[in-house]
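Peer 1: Below is the structure I would like to discuss, written out as structure tokens.
The values are calculated or read from the model by the stated rules, or taken from the named source; none is laboratory data. Predicted model, so just to flag it, every value in this text is computed and none were measured. Because the Cβ atoms are built from the backbone with ideal geometry, glycine has one as well, and the counts that use them run over all protein chains shown.
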Amino acid sequence: MDPRTVEPRAWPAPDLIAAAGPERLQHELIQAQKMEAIGQLVSGVAHELNNPLAAIIAFSQLIRSDPRLPEDLRHDADLLVQEADRTRRIVQNLLDFARQRPPERHLTSLRSLVTSIVDLQSYLINSSQVDVQIQIPDDAPLVPLDRAQMQQVLLNLTLNGIQSIRSGGTGGRLSIRAEFDRAAHLPLARLRISDDGPGVAPEHRDRLFMPFFTTREPGEGTGLGLAVSFGIISAHGGQLRHEPGDPGGATFVIELPLEAPSTGPSAVAPEPAAGPAEPSDPPGPRPRVLVLDDEPSIRRFLAKALTQAGCEPILTETGPEAIEAIRSMPLDAVLCDHRMAGMTGTEVYEAVRSIRPELATRFVFMSGDVLNPELRAFTEAHGLALLAKPFELE
């Protein structure tokens, strides 16, 4: 192992507890209980935030895409979308910290993934005078990974590098380089994200991956980015480590296996192809989609989005109301919230399956508590899609 490499460790560290006296041990146990309570609190708060946040994100996207919007307001609309998305990432970070979900692996191009993250931060990169160098071969092998989770990791690591360079005030270089080790016992993809900023102080290096540890000013960071990233990479069967630069700067190394299990929720599936859809039959009547959600704002933005997509939305507020609509009119699909007063989404699904069996395969759950293990198990057992609130309208 490179002597500069710092291996992250869990908190509280077992060796510290073993060497501690009774008072220190009691303190560590109390601290562990506090962290568990914080995790439960964070999960509940994040879930309650997701419904209003879903509406904020959706309506900000609808406003920005409105062709009637004057050009002088388009920049303000872009800013609204950007800040709404920033809020969503914070909430998602909290959820991922509280309860890690298993990755859903798809064969993915690292180059396209990295390029999308760099493009997302183009304004910050240019304003900070950062020269970004991407060294990933065009013919690099595809890597089995959860694209959304890996985007979060790359966003955390590149943002850290850009902010480190920016703190120097004179610009600098951010390098993202991929290596592929096929000779190893387990073939690996290795991604190095390096910056030439001031680097990480030696006294901070063994705490980099601890939750809530940050060296930024108050309000500039939650201290969850690296902790969440470490958990995501570990869930992929890989490693995330820090290597200090010489004489300055820092490098974060991601190692991911090029092969993944062939069964279970992490089984590899091809990444959905981007681009225009294949030509279809001439358009007929608009598809009729039932929307069930007890939040008025969610129903309203889904009505707008579905209408723009060429569908006819049927809006319902309660389970019994939705079931009555299913009995009385032809429908093509169902979008159903999970956690509602009265009937839950799973109860509605069971009723739909008994009344209109053909809709059982065109039933989509929406939930702000998408990491709920019971809900995930239910959707996987029945082959149903699950939309995490807040979600992109696309």
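Peer 1: Give the stretch 139-162 a look and list any residue that's outside any helix (DSSP H, G or I) and either of a type in the set (S, T, N, Q) or over 22 Å from PHE230 (Cβ atoms) (or both), or say none.
Peer 2: Here is the first cut: in the stretch 139-162, the residues outside any helix (DSSP H, G or I) are 139-146.
Answer for the stretch 139-162, where residues must be outside any helix (DSSP H, G or I) and either of a type in the set (S, T, N, Q) or over 22 Å from PHE230 (Cβ atoms) (or both): ASP139, ALA140, PRO141, LEU142.
Peer 1: If you check every pair at least six apart or on different chains, which have Cβ atoms under 9 Å apart with a residue in the stretch 165-182 that is under 17 Å from ASP138 (Cα atoms) first and a residue that is of a type in the set (Gly, Ala, Ser) and surrounded by fewer than 17 Cβ atoms within 10 Å (Cβ to Cβ) second?
Peer 2: Going by the 9 Å Cβ cut-off, the qualifying pairs are ALA178/ALA140; PHE180/ALA140.
Peer 1: Given the options LEU386, LEU393, name the one that is crowded, with 16+ Cβ neighbours inside 10 Å, of a type outside the set (Ser, Thr, Tyr), under 21 Å from the mean Cα position of the chain (by Cα) and part of a loop (DSSP other than H, G, I, E, B). Can you show your working first?
Peer 2: Details: LEU386 fails: part of a loop (DSSP other than H, G, I, E, B).
Only one candidate qualifies: LEU393.
Peer 1: Then there is this: Hey, GLU255 hits all of (1) in a loop (DSSP other than H, G, I, E, B); (2) modelled with pLDDT of 85 or more; (3) touching a Lys or Arg at 6+ places or on another chain (Cβ under 7 Å) but one; which does it fall short on?
Peer 2: (1)
Peer 1: Check whether at least one residue in the stretch 329-344 is closer than 24 Å to ASN50 by Cα and over 29 Å from the mean Cα position of the chain (by Cα), and report yes or no.
Peer 2: Yes, the conditions are met somewhere in the stretch 329-344.
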